[in-house]
1. Which order do the peptides 602-609, 193-200 take when ranked by the mean count of other beta-carbon atoms within 10 Å per residue, highest first?
2. Calculated FRET efficiency, H234 and D449, Cβ-Cβ r, R0 30 Å, to nearest 0.05?
3. Pick out, in residue order, every one of the chymotrypsin sites (Phe, Trp or Tyr not before Pro) in region 1019-1099 that is DSSP loop and has at most 15 other C-beta atoms within 10 Å; say none if there are none.
4. Could you give the length gained on full extension between N301 and D1063, defined as 0.36 nm per residue of separation minus the Cα-Cα distance, in nm?
5. Using per-residue counts of other Cβ atoms within 10 Å, averaged over each peptide, order 126-138, 836-848 from highest down.
6. Taking 0.36 nm per intervening residue step and subtracting the Cα-Cα distance, what contour gain separates E879 from S395 on full extension?
7. Taking a probe of 1.4 Å, how large is the accessible area per residue of region 198-265, in Å²?
8. With a 1.4 Å probe and all protein chains in place, put V778, V56, V279 in order of accessible area, largest first.
Amino acid sequence: MNCELLATCSALGYLEGDSYHKETDCLESVKDLIRYLRHEDDTRDVRQQLGDSQIVQNDLLPIIVQYRQDKALFDACIRLMVNLTQPAVLCFGKIPDDPVFRHHFMQVTSHLQAYKEAFASEKVFGILSETLYNLLQLDWEQRQEEDNLLIERILLLVRNMLHVPANPCEEKKVDDDASIHDRVLWAIHMSGFDDLVKFLASAQSEQQWSMHMLEIISLMFRDQTPEALVSAGHARSAVEKQRDSQELEALRQKEHAEKRSRTLQRGTRHSHFGGSFVVQGLRAIGEKDVIYHRNLNNFKNYTHDQGKAVRRVPKRNRQAHDLKEKRRSALNVRLFLREFCVDFLENCYNRLMYLVKESLIREQTQQHDETYYLWALSFFMAFNRGNGFRADLVSETMSIRTFYFIERNVTNYYEMLLTDRKEATSWSRRMHLALKAYQELLLTVNEMDRSPDEGIRQSSNVIKSNIFYLMEYREIFLTLLRKYDETKQPQSYLRDLVESTHLFLRMLERFCKGRKNLIVQKKKVRRKKSQGKEKQSAQESSPEVLAETWKIVEEELRATGFQLSASLTESIVPFDAASETPPEEQRTEAMIRVQDALLARLGPEALALLRAAREVWPDGDVFGSSDVEPEEELDLLKQIFHANLPRPSPETVTEDDDDGAELDEEELELVQLSEKEFNFLDFIKRFANPSIVRPYLLLLKSYTKNTPHTNHCIVRMLHRLAVDLKMDALLFQMSVFHLFNKILNDPAAAAYKELVTFAKYVLSRFFGVAAQNNKAYVELLFWKNVGAVREMTEGYTKDGEGKKPSWTEEEEEELRRLYMEHLDSEVPDIVETVIQLLSNSSRTRRQVVTQLVHMGLVDNAKELKKPKKGTQIVLWTEEQELELEMLFEEYKDSDDVLGNIMKKLTAKRSRARIVDKLLSMGLVSERRELYKKRSRGAHKQSPRKGMTEEEFLAELTQGPPDDSLDQGDEDERDEESEDSEEDGNKREIPQPVRKRTQDFNLTAEHRADISNLVNALQQEGLSGPLLWLQICLNQTAIHREEDDLFQPVPLVPFAEANEDAMDNKNFLKLLRKLGIRPPENEQETFWRIPENISSSQLQSAAAALTPGEDGPENYEEQQGPSNSTEEPREQAEEEEEHDEEVLSEQRAQALRALLLARNRKCHTAVDADPMSGATPGDKTNGVIERPQEKISTKRSRSRVLDDDNDEEEKENDSTITMDVDTSKDADSDTEDFSARVKQRRKMVLIDDEEDED
């Protein structure tokens, strides 16, 4: 032992008889031991040395018994024992695989078992119970944090002791004998600790300990079964006595049969001479008959396997082992546990299970804590069924939510069983626990059907109708049987699964018999397959037909005067709020419906749908503006009529084929729910599958160890398949017949009458089939599906009947030749090329690919995967490059170079391909050269250039500006991603051009409106946001003077005051009047300055925000006319310098006004609160901390106490005070404001005056 540890243990004190004498530094020594445990290595050496010294038995337990009044020493000892007694699995993380670490693991476990034996003392648990009782007597307000920690540590200590596993080598106890675990439980009972457990589980003020209570209770009943506790203390009933007598009689008959067989094997007299016999007809290894050298009475047991070495089964293929069986505790322990169960069900079960369920749903527990919930559900509900069933005691767990919770956990456990193979055993046990809970729910529902209370029976019918209606609950047993793996899941799991399936089918059958029809939910998997040849759509008709159709529609609309009847208007519904389709897709579908109505020559319906869609989607004017004229509506309909709208590809419902010749095509599975009438026999047919029958037969092999109920469940399922469905041929298999032969020859076969009867029935059916089918004996070697069963009993189909068309030798040779010819070619899709050249044009892509794989020309169908659309044309030929160069030289001076090239190019390609090719050929140096060009002087392309201030302000009140004309420029800049451009067959929905008429004659009224809004906002204290808006407009104007390419500029409010202003209705009204457009769709968040507002107009709008009445007029007078493009260059430069001076003067005036307003606010705040040194604008820097109390449900927590004094001092130091001097000139004001904006809003403002200086 380490010398430091030895010295520390010696400093604790010494035990003399039954009294313990502590040393003066005992408390410091205990704390040192805690510190040593914190720094132990991976082998847990400190823990092992302390266990060897028996510190718990000789020091810690005597200390807490004799010195419980010393609170500090008692708390330290409890803390140390909690650390020493924690499970070995938690110490090592898992059960080690390494032999060295496995040895250390077993050493720690042996020490824990010694600790548990020492804890089996009424005196120790009496001290713990008394301490815990005193702590629980304190009110919540009086209870300190140290008291809560001590309560938790006592509960953890008891949990650790109950968790210690039994030592099978030391404890060789028989049933009804007291083990160490029973002695601990009896000490808990005698000390009254079990009453405290029930109080903590039921008290409303102690709900934070709910998970600890559930752990302790589950460990208390670890070795018990509900049936054993129910029968404890009661005399055996007549049914139990009869069942026991039947079991004894079966054993007696089996023993007599074995004695009789052994007697017949012995000869009447002994032969002193050995003999050798030739067994005729039984071949040896060679061609001769077998020579037998033993007595003839043992010949029946002769097999060729005698004398052979047993082949070793790999570890991964071995059958999973069951857990140890439950033992029966002492009678007094079982009686006390029975009373505990009764009290727990009456007072604690519903509340505790509710709290634990809420914690699990909210993920406030530790990992895998749901296993305790599943155990408690199955155990106490089973006890309730056996002990006079009362539905109100378990009402919390009898709900559809519980079924869903368990079904979800079963699915999760199975997925983890497949993925986490190292922990497959643990996941299998958790899955078995969830299955037991599901089985218990079904048993309880079945028990509710027998209740004399009509309300309980009605509740049972409601639960059954729900679980039978939903597909997940009906097919859970089908899935579990099909996925059973004997190497990962033990036989006990299979036994419970078979019994649960039997119970579910019996309940479902009885539920169906009481009703004429049962409607259940059904799920369909619809797959959208990418098809090469889509159906010809209506818009691909000839231009003559389209022109004639539009002429008829136009005449019909003009004849009605664009007036619609009230009935037609009310019947049109473009939007379905209850649909799962997103609103954006419904908008697309509405436009397609308008086009379909036009193509069907239903003009009024199309117009009604257009108007209804405009009311539903007014944003963006996709369906026209609200004040659109009838002629403009006619133009919109014409654009929609001629548009190439993306239509969804036709959906095909496909079913999964069992043969497996599936191609890896791009598929999108959609699950659609529907309802159908349920047929019980059709549901049973789904069990007619070899993967489901095999687990039943695997469990039937151990028929001698199974209970009679388990054998009955197996035979009942096989009877449903063989008799009810007439699929007895499903059991015609050699291993099944071998098992039947073993049952029939069993000396105790009289005890298995049901098995014997069924085996004889199946064998008689087989010999009847064998008399008609001479291949029946060969069929015994194979498992058969439904198709093979039908062929075996009804006759085999002839070659070529019902099979896919075969390939002749000539067709195979032709396919091989065509494939080899085009193998090295650069065709994008070799399969499509080969299909077009085949002589038999009826061949599909699936058949061709399958035949290529069958012929060995390709290894896998994935090699011939269909290429994505848009990638067929990749390489450029010399003629195509020459054509591209000629088109570029022809249109390089046009406004839309790329658009003209795409129209004239022979081989159609995407924009991204053409741009990349132009860059690689060196015809352009950067992508910007291919953007659309705008003529700054042309009034038609830039209608806002050259407007006067009155015209601009008059236009601002007309609504948001139109940006759909320039949408093509943004599209060109977004075409650098190839994936979004490759799909050439689908195009965007063309937004119809929104027509509007501008009125630029209104002058004074609009300026007055803007001025009134500015004054109202200043009175509301929004001078800062107004200045921010003015600066953004001026900055955008400066940038647009430098760059000819205009883009929408978002207004991003970084400051809190600006964010609040964006929620102000008057401020948003001002933005609309200034021409700033709101977000158009859900992808945009901020308001934007449109790209079609010129620099001069932005400057005019910024000047309109200046406080005062003559701001805009002065600016207009100073600015002068600027719309002439033919003035001399020198005059234009002078005007630009003059504009900059005016702009700086406007900024200075606005800054002065804002600073004056802020000074007034600051003085007002100082007068009101002289101790405050922060300005109102600094409220965003303040940090308001609100303490929030949160109760943790974790058992292992670390308390960290934080001191907030330092943070408060940092907050006080970080408060920024700013002094504003209003007597400075405009330049200093501008610099001061720019510095504050940089610091508080993270924005960089460009000051032209500083650059000039």
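The values are calculated or read from the model by the stated rules, or taken from the named source; none is laboratory data. Just so it is clear, the structure is predicted and the values come from calculations on it, not from any experiment. In this analysis, Cβ positions are derived from the backbone assuming ideal geometry, glycine residues included, and neighbour counts consider all displayed protein chains. Protein only, heavy atoms only, side chains kept; ligands, DNA and RNA dropped before computing areas. Shrake-Rupley method; radii C 1.70, N 1.55, O 1.52, S 1.80 Å.
1. The most tightly packed comes first, giving 602-609, 193-200.
2. Computed FRET efficiency for H234 and D449 comes out at 0.75.
3. Taking region 1019-1099 and a limit of 15 other Cβ atoms within 10 Å, the loop chymotrypsin sites (Phe, Trp or Tyr not before Pro) found are F1054, F1086.
4. 264.9 nm
5. 126-138, 836-848
6. 166.1 nm
7. 57
8. Largest accessible area first, the residues go V778, V279, V56.
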